[in-house]
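The values are calculated or read from the model by the stated rules, or taken from the named source; none is laboratory data. Quick caveat, the model's predicted, so the values are computed rather than measured. No Cβ is skipped: glycine too gets one built from the backbone with ideal geometry, and neighbour counts run over all protein chains shown. Areas reflect the complete protein model, heavy atoms only, side chains present, ligands, DNA and RNA absent. Shrake-Rupley method; radii C 1.70, N 1.55, O 1.52, S 1.80 Å.
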Amino acid sequence: MVRLHLEKLKSNTPFTVPNALKNFFGFIVEKIRPELAEVRKLIEKLEALPNVQAARGIRNKNGDSRKIIFEILATVNPSERIDLLTQATDFAVETEWKMDALTKSRNWHLEVQVVRKFREDKKSNNYFQQ
């Protein structure tokens, strides 16, 4: 039996069918594939960093691949880039440890890159985005 936490249900998001489905499928994914929920949480953290326009994770076509490259879309000067990359790498390492514990595997490798525009890679079409 799954306990409902009603305090988590309070939201400023209007109740619509797409929002309800998004929340429902997010809940299901979190229970079945907790590592995917951690990837989404990391993308949210990366997008919340200063000067970041967007972030996404790219995995190989092989869905079982445990290497994910996170691209952070930001136009920053070199000193800000170093700070941004340091913060993002700290978040990635933290998430990597969580994923190792969740899946009981130490094969996860999360890499972070700061880019000025997202690359279009035909081989890697398995994206995680918000």
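Taking the condition of being modelled with pLDDT of 80 or more, open to solvent by less than 90 Å² (accessible area, probe 1.4 Å) and either over 23 Å from ALA74 (Cβ atoms) or out of contact with any helix residue (DSSP H, G or I) (no Cβ under 6 Å at 6 or more places or on another chain) (or both), how many residues in segment 110-130 meet it?
The qualifying residues number 4.
Hey, can you tell me all the residues within segment 91-109 that are open to solvent by less than 70 Å² (accessible area, probe 1.4 Å), of a type in the set (S, T, N, Q) and in a loop (DSSP other than H, G, I, E, B)?
Passing the criteria: only SER105.
Quick one: in segment 52-75, of everything that is modelled with pLDDT of 90 or more and assigned to a loop (DSSP other than H, G, I, E, B), which residue is surrounded by the fewest Cβ atoms within 10 Å (Cβ to Cβ)?
GLN53
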